[in-house]
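Asker: One structure, as structure tokens, below. Some questions next.
We did not get these values from a lab; they are worked out from the coordinates using the rules stated. Note that this is a predicted model, so its numbers are computed, not measured. Positions of Cβ are backbone-derived with ideal geometry, glycine not excepted, and every protein chain shown enters the neighbour counts.
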Amino acid sequence: MNESSKAYYGKTMLFGEYSVILGSKALVSPLKSFSGHWKNCQPAAEHELLLQAELLKFVKHLETQETATTLLHLDALKQQTQDGLWVDADIPHGYGAGSSGAVVAAIYERFAIAPQKDLVLLKRELANLEGYFHGNSSGLDPLCCLLAQPLLVENDGQIEVLEPFTSQDQFVVYLHDSRLSGKTAPLMAYFHQQMLHQSFYKKVKQQWLPAVDDAIDGFMNKDETLLFDSLHVISTFQLNHLQPMVPENIAEAWKHGHATGDFTMKLCGSGGGGFSLVFANDSRKINTYFPSEDLIRIL
């Protein structure tokens, strides 16, 4: 058995889901609760066979993409995966936790012809590869999985690598598990369709994008008032205007947080299922409302 010790962690999109493709800031952080790594042995369990089969399908797709042929040693990738190399991961699919980002990061690091050093160009290369999974990718997820560091994307697209976040005194952040799996591609298509409507476009530009930028500023500067005021705008916008992205089984919890002020929920990734983010200035307000088994504290 030949296994790689390098872990490719999942990720959490704290701020910037959907909006980053329209020019807002974005903030993403590694999610070390989940990870993947290369394995070169015969899969034993059913879920391992599925992971191997999905990787082989991805490699077959890459062979048809001209961009991939310029980025990767495809012959080596094809041969090694056919010989039994695969990515073993416990990152849940359809959860906004970076399951595809980790696979893309692992492939890029192992098989890139000329690994890109410039972060903006690297993000673009990774986006081209990850498009297979989502139809459209910002490249930010696999970049975070590859670097295993928090990343801040500025409005002009420049990327800053940050030091790992530590627990805050001013607020707490949890992931809430909806127990549902979401699908990114149809939700991305829905969002782009909505953007064709002038009224929606204006609300995005005038309400949502500024609130995302302000929330990131509040988070980075530990400004609790700015953070939660901005989160309220983001959360309200998503609940009212992105309803297909809000899992039905947490809509009431989302509304309860609004009504009581105990906590604020927002999407984590594309939504439709998987994880949602829950922010509060007191962990007891979250822990008394949600079952502990549905929560993962990340800050």
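Asker: Looking at region 1-66, which GluC sites (Glu not before Pro) are DSSP coil and have at most 15 other C-beta atoms within 10 Å of their C-beta?
Answerer: Glu63
Asker: Starting from the Cα of Glu160, step 7 Å along the direction of its Cβ; do the same at Lys202; then give the gap between the two resulting points in nm.
Answerer: Result for the modelled spin labels: 3.4 nm.
Asker: Expressed as an acute angle from 0 to 90° and rounded to the nearest 10, what is the orientation of the C-alpha long axis of helix 46-62 relative to the principal long axis of the chain?
Answerer: It is inclined by approximately 80 degrees.
Asker: Separate question: If one computes the Cα centroid of region 9-71 and of region 274-299, what distance in Å separates the two points?
Answerer: Value for the Cα centre distance between the two parts: 26 Å.
Asker: Counting Lys and Arg as +1 and Asp and Glu as -1, each charge on the Cβ, what is the dipole of region 2-161 about the Cα centre in debye, to the nearest 20?
Answerer: Dipole size: approximately 120 debye.
Asker: Can you sort Cys145, Cys268, Cys41 by how many other beta carbons sit within 10 Å, fewest first?
Answerer: Taking fewest neighbouring Cβ atoms as first place, the list is Cys41, Cys268, Cys145.
Asker: A further question follows. Rank by packing, highest mean first: peptides 198-206, 173-181, with packing defined as the count of other Cβ atoms within 10 Å averaged across residues.
Answerer: 173-181, 198-206
Asker: How far, in nm, would the chain grow between Asn287 and Glu48 when pulled straight, counting 0.36 nm per residue and subtracting the alpha carbon separation?
Answerer: My answer for the length gained is 82.7 nm.
Asker: If each residue of separation counts as 0.36 nm, what is the full-extension length gain between Cys41 and Leu121 once their alpha-carbon separation is subtracted?
Answerer: 25.4 nm
Asker: What do you get for chymotrypsin sites (Phe, Trp or Tyr not before Pro) in region 214-264 restricted to DSSP loop and a cutoff of at most 12 other Cβ within 10 Å of the site's Cβ?
Answerer: Passing both the DSSP loop test and the Cβ count: no residue.
Asker: Further, regarding this structure: HN-Hα J couplings of region 293-299 from phi, Karplus 6.51/-1.76/1.60, θ = phi - 60°, integer Hz, Gly and Pro as x?
Answerer: Using θ = phi - 60°, the values come out as 6, 9, 10, 10, 7, 10, 8 Hz.
Asker: Round to the nearest 10 and give me the degree value, 0 to 90, for the angle of helix 99-111's Cα axis relative to the longest principal axis of the chain.
Answerer: Between helix and principal axis, roughly 40 degrees.
Asker: Here's something else I'd like to know. Over 32 Å between Cα atoms, which of Lys25/Lys78; Lys11/Lys205; Lys6/Lys255; Lys117/Lys255; Lys6/Lys183 qualify?
Answerer: Violating the 32 Å limit, Cα to Cα: Lys25/Lys78; Lys6/Lys255; Lys117/Lys255.
Asker: Going through region 207-279, which GluC sites (Glu not before Pro) have at most 13 other Cβ atoms within 10 Å and a DSSP loop state?
Answerer: Answer in residue order: no site qualifies.
Asker: Next up: Using +1 at the C-beta of Lys and Arg and -1 at the C-beta of Asp and Glu, which of Leu27, Tyr289, His134 has the Cα lying farthest in the positive direction of the dipole of the chain?
Answerer: The one lying farthest along the dipole's positive direction is His134.
Asker: To continue, here is another question. Give me the angle, in degrees from 0 to 90, between the Cα long axis of helix 184-194 and the longest principal axis of the Cα atoms of the chain, rounded to the nearest 10.
Answerer: Computed tilt is about 50 degrees.
Asker: A further question on this structure: Given H placed on each backbone N at 1.01 Å, which residues far from Ser35 in sequence or on other chains put an amide H within less than 5 Å of it?
Answerer: Correct list: Gly10, Asp90, Ile91.
Asker: Order by neighbour count: Thr64, Thr166, Thr12, Thr70, fewest other Cβ atoms within 10 Å first, most last.
Answerer: Starting with the residue having the fewest Cβ neighbours, the order is Thr166, Thr64, Thr70, Thr12.
Asker: Also: How much length is gained on full extension from Gln82 to Ser33, taking 0.36 nm per residue of separation minus their Cα-Cα distance?
Answerer: 14.7 nm
Asker: Using Cα pairs under 8 angstrom and six or more residues apart, how large is the relative contact order of region 2-161, in percent?
Answerer: Contact order relative to length: 30 percent.
Asker: Once the dipole of region 172-220 is set up with Lys and Arg at +1 and Asp and Glu at -1 on Cβ about the Cα centre, which of Ala185, Leu209, Tyr174 lies farthest towards its positive end?
Answerer: Of the candidates, Ala185 comes out farthest on the positive side.
Asker: Right, something else. Taking the Cα centre of the chain as origin, sum charge times position over the Cβ atoms of Lys and Arg (+1) and Asp and Glu (-1), and report the length of that vector in debye to the nearest 20.
Answerer: 400 debye
Asker: Let me ask another. From the backbone phi of region 198-211, what are the Karplus-calculated ³J(HN,Hα) couplings (6.51 cos²θ - 1.76 cosθ + 1.60, θ = phi - 60°) in whole Hz, Gly and Pro given as x?
Answerer: Along region 198-211, the couplings run 4, 5, 5, 4, 5, 5, 4, 5, 8, 10, 6, 4, x, 5 Hz.
Asker: Turning to a different aspect of this structure: How large is the charge dipole for region 1-82, taken about the Cα centre, if only the Cβ atoms of Lys, Arg (+1) and Asp, Glu (-1) carry charge, to the nearest 20 debye?
Answerer: Using Cβ point charges on Lys, Arg, Asp and Glu, region 1-82 gives about 280 debye.
Asker: For Asp214, Asp83, which order do you get if you count the other beta carbons within 10 Å of each Cβ and list the fewest first?
Answerer: Placing the least packed residue first, the sequence is Asp83, Asp214.
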